[in-house]
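Q: Input: one structure, supplied below.
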Amino acid sequence: MRRATSVIDLRSDTVTRPTAGMRAAMATAEVGDDVFGEDPTVRRLEECIAELLGKEAALFVPSGTMSNQICIKVHTQPGDELICDVNSHVYNYEAGGPAVLSGVMCRTIEGDRGIFDVQHLEGLVRPDNDHLVRTRLVCIENTHNRGGGSIFPLEAIRRISNWAHRHNLLVHLDGARLWNAAIATGIPLRDWAEPCDSVSVCFSKGLGAPVGSALAGTKEFVRRARRVRKLFGGGMRQAGVLAAAALYALEHHFHRLAEDHQHAQILAQTIRNTPGLRLFPQHIETNILYADIDPRLGTATDFTRALAEQRVLVLPVAPQRIRLVTHLDVSRAQAEQAAIIIQETAKRLALQAA
Ligand SMILES: *Cc1c(COP(=O)(O)O)cnc(C)c1O
């Protein structure tokens, strides 16, 4: 039985550890009290993000969840409704944030790998009537996590934005992995952000920073978001040590995301060619892939355990589905090694079942 020489952790792109260069940048960061607006490194990061996303202003926040939930809170009133894909992060993985923090209801639509278009939205805006909740916001996720790292086509985002604005709705973009969409397509970050009223990005995913996200929008939006960040407990003091990691990540780890996408293709090709495993989606666009396990090989948990014995870590996400994500801490050689181990494990489990 083959084992990886060191652990190959494909559970998530959040498992990366700060590099020596990043730690050095953190150690030497100029800092101040950011709640007083006095941390020069945080300010520099916020200016950099506003510039990259083509927005008036940006705000550094502790997590992607807080970033999304601040945006939802600023855009809505209690009793409002937001529209999102049924598999979206804001709906599934943020502990009921829209309901708990903003008193907002979610109306879900069934997209394709998290992607939808205007035809899914037609007729969903509630008429102005005392009985009805008020439709207020459309949330888009790009790339889409549960959709398998799928890229939301820019043309669809533009159509959705035009439609939403015509109906007096706002558009929020959960761009935790917008970096990956930009690298995979060559379309600049600001083009993706342009149709959206607010954008959230994460430094703690593929970019490899230990902590941190940012939101961006108009000056007035960010002024209100700053107050909500305080309300949610996200005001940070000498946060420049974290902002320095994010700045370092933008400078050194953005363009290399292309490598993660190549490594995902290595895994995808092997999974496609492995009896008992089925790749989802068939076409992998960025750094996330799912594999459905034929029940004859056991459950997703069985398969995960068998891989872990060989030092390959994956995430079971459904009874028969595992997730694999490539990132900064997985080299090409490790992706190739993991692919072989996955294939051999599937073969072994199939033989045991026969
Ligand atoms: C990871 C992620 C977030 C934010 O997650 P945090 O762990 O709170 O930083 C938001 N949206 C998507 C699509 C994500 O994958």
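Q: Somewhere in segment 116-125, is a residue under 30 Å from Leu10 (Cα atoms) and either assigned to a loop (DSSP other than H, G, I, E, B) or touching a strand residue (DSSP E or B) at 6+ places or on another chain (Cβ under 7 Å) (or both)?
A: yes
Q: Scan segment 155-171 residue by residue and report those that are open to solvent by less than 20 Å² (accessible area, probe 1.4 Å) and within 24 Å of Ala182 (Cβ to Cβ).
A: Correct list: Ala156, Ile157, Ile160, Ser161, Trp163, Ala164, Val171.
Q: In segment 183-198, what count of residues is obtained for those that are in contact (Cβ under 8 Å) with a residue 60 or more places away in the chain and more than 21 Å from Leu137 (Cα to Cα)?
A: 3
Q: Still on this structure, please answer the following. Out of the residues in segment 152-176 meeting the condition of being within 16 Å of the ligand (Cβ to nearest atom) and in contact with a His (Cβ under 8 Å, 6 or more places away or on another chain), tell me which one is farthest from Ile288 (Cα to Cα).
A: Across segment 152-176, the extreme among qualifying residues is Val171.
Q: Now for a separate question. Looking at segment 252-299 only, could you name the residues that are hydrophobic (A, V, I, L, M, F, W, C), in contact (Cβ under 8 Å) with a residue 24 or more places away in the chain and either farther than 17 Å from Ala182 by Cα or open to solvent by 70 Å² or more (accessible area, probe 1.4 Å) (or both)?
A: Listed by number, the residues that qualify are Ile266, Leu267, Ile271, Leu277, Phe280, Leu289, Ala291, Ile293, Leu297.
Q: If you don't mind, another one. Identify the residue in segment 103-130 that is within 16 Å of the ligand (Cβ to nearest atom) and of a type outside the set (D, E, K, R) and, among all such residues, is surrounded by the fewest Cβ atoms within 10 Å (Cβ to Cβ).
A: Only one residue tops the list, namely Thr108.
Q: Would you please name the residue that is nearest to Lys230 (Cα to Cα), looking only at residues in segment 66-88 that are in contact (Cβ under 8 Å) with a residue 60 or more places away in the chain and open to solvent by 40 Å² or more (accessible area, probe 1.4 Å)?
A: That would be Lys73.
Q: Scanning segment 8-38 for residues that are open to solvent by 80 Å² or more (accessible area, probe 1.4 Å) and not charged (D, E, K, R), which turns out nearest to Phe254 (Cα to Cα)?
A: Taking the candidates together, the pick is Ala20.
Q: Quick check on my filter: what residues within segment 190-212 are more than 10 Å from the ligand (Cβ to nearest atom) and either touching a Ser or Thr at 6+ places or on another chain (Cβ under 7 Å) or open to solvent by 10 Å² or more (accessible area, probe 1.4 Å) (or both)?
A: Once the filter is applied, which keeps residues that are more than 10 Å from the ligand (Cβ to nearest atom) and either touching a Ser or Thr at 6+ places or on another chain (Cβ under 7 Å) or open to solvent by 10 Å² or more (accessible area, probe 1.4 Å) (or both), segment 190-212 yields Arg190, Asp191, Glu194, Pro195, Cys196, Asp197, Gly208, Pro210.
Okay, residues lined up against (1) assigned to a loop (DSSP other than H, G, I, E, B); (2) closer than 21 Å to Leu215 by Cα; (3) out of contact with any Phe, Trp or Tyr (no Cβ under 8 Å at 6 or more places or on another chain); (4) not assigned by TED's automatic domain parsing to the domain that holds Asp197:
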residue	(1), (2), (3), (4)
Arg43	no, yes, yes, no
Ala58	no, yes, yes, no
Ser67	no, yes, yes, no
Ile70	no, yes, no, no
Ile83	no, yes, yes, no
Asn87	yes, no, yes, no
Ala95	yes, yes, yes, no
Ala99	no, yes, yes, no
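Q: State whether one or more residues within segment 103-121 are closer than 25 Å to Gly147 by Cα, among the aliphatic types (A, V, I, L, M) and out of contact with any helix residue (DSSP H, G or I) (no Cβ under 8 Å at 6 or more places or on another chain).
A: no
Q: If I go through segment 178-188 residue by residue, how many of them are open to solvent by 10 Å² or more (accessible area, probe 1.4 Å) and not small (Gly, Ala, Ser)?
A: Count: 4.
The values are calculated or read from the model by the stated rules, or taken from the named source; none is laboratory data. Everything quoted here is computed from the prediction, not taken from an experiment. Note that each Cβ is placed from the backbone with ideal geometry, even for glycine, and that neighbours are counted across all protein chains shown. Only protein heavy atoms, including side chains, enter the accessible area calculation; ligands, DNA and RNA are left aside. Shrake-Rupley method; radii C 1.70, N 1.55, O 1.52, S 1.80 Å.
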